[in-house]
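Any read-out appearing in this document is the output of simple, stated calculations on the displayed coordinates, not a laboratory observation. The shown structure was predicted, so the numbers you read here are calculated from the model rather than taken from an experiment. Cβ placement follows ideal geometry from the backbone for every residue including glycine, while neighbour counts extend to all protein chains displayed.
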Amino acid sequence: MTQALRKLTTFDEFVAKYPDETGKRYELHDGVVVEMPQPTGEHEEVTGFLAFEITRECIRLNLPYFIPKTALVKPPENESAYSPDVLLLNRPNLANEPLWKKESTVIQGISIPLIIEVVSTNWRDDYLKKYADYVRVASRREVMGIPEYWIVDYAGLGGREFIGNPKQPTILVCCLEEGEYTVRKFRGDNRIQSVTFPDLNLTAQQIFNASL
């Protein structure tokens, strides 16, 4: 018996159809439409806390950055579209983004100083799929070249290869430095070390406490 192949969705088809009248949230993963689960209250508390702290630091430094509500990130080499928990955009470069005005979508790493994903039950997307598209190096060429990507695992849900054994709340900060990415792990009273915000005075535990 021959099974029919599932028809994949292009990015253009995705943005034309979603969001739909159901009010649900969706992402596109390599041509497959993925319904995003409704986040828990704790997840929203951590996300809101981070958005507030990052915005406050932007205001303090008078940076031309902002956090949009529903903008998408599209890796240039595949049919994917992601809606990060916290997406920091560089306003001056949006004039160079071909999809921004009509579809509020960015494809250039220079437009994105920082992305933060707060880990949910679908943690593999944050640690594997999105990490690969945001910061992967293929043949020593960054796919997007996003300067900084945080994975905030406040509940210790990720695999042991990422957050250790026994599992514990962990923040992974992936930074593009001198053409290569470094990955640092922060727990407890470790102060977050950020390339985008080197003077950010924030510990991992302060972020985790937002969910208490």
Once normalised by the length of the chain, the mean sequence separation of its alpha carbon contacts under 8 Å that are 6 or more apart gives a contact order in percent of 15
For the range 56-212: Kirkwood Rh in Å [reciprocal of mean 1/r, alpha carbons]:
16.2
Which aspartates and glutamates, on any chain, are close to residue 24 with Cα under 14 Å apart, when same-chain ones fewer than 8 places away are left out?
35
Once amide H atoms are placed 1.01 Å from N in the peptide plane, what residues at a sequence separation of 5 or more from residue 33, or on another chain, have their amide H within under 5 Å of its amide H?
9
So which residue, out of 40, 22, 182, gets the largest mean-square fluctuation from a GNM of the chain using Cα contacts under 10 Å as springs?
22
Using θ = phi - 60° and Karplus 6.51 cos²θ - 1.76 cosθ + 1.60, couplings along the range 84-100 (whole Hz; Gly, Pro as x)
x, 5, 10, 10, 9, 10, 8, 4, x, 7, 5, 5, 9, 8, x, 9, 5
Under the Karplus relation with 6.51, -1.76 and 1.60 and θ = phi - 60°, whole-Hz ³J(HN,Hα) for the range 27-32, x at Gly and Pro, equal 10, 10, 10, 6, x, 10
Got the relative contact order for the range 4-85 handy, in percent, Cα pairs under 8 Å and 6 or more residues apart?
31
Helix 41-61 against the longest principal axis of the chain: what's the angle in degrees, Cα atoms only, rounded to the nearest 10?
70
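Filter the cross-link list 74/185; 69/185; 7/74 down to pairs whose alpha-carbon distance in this structure exceeds 22 Å.
74/185; 69/185
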Starting from the amide H of residue 203, placed 1.01 Å from N in the peptide plane, find each other amide H under 5 Å away whose residue is 5 or more places distant or on another chain.
192
Could you derive backbone 3J(HN,Hα) for the range 9-25 from the dihedral phi with the Karplus parameters 6.51, -1.76 and 1.60 (θ = phi - 60°), listing whole Hz in sequence and x where the residue is Gly or Pro?
9, 7, 4, 4, 5, 5, 5, 6, 9, 10, x, 9, 6, 6, x, 7, 9
Evaluate the charge dipole of the range 1-128 about its Cα centre and quote only its size in Debye, nearest 20, assuming +1 on the Cβ of each Lys and Arg and -1 on the Cβ of each Asp and Glu.
380
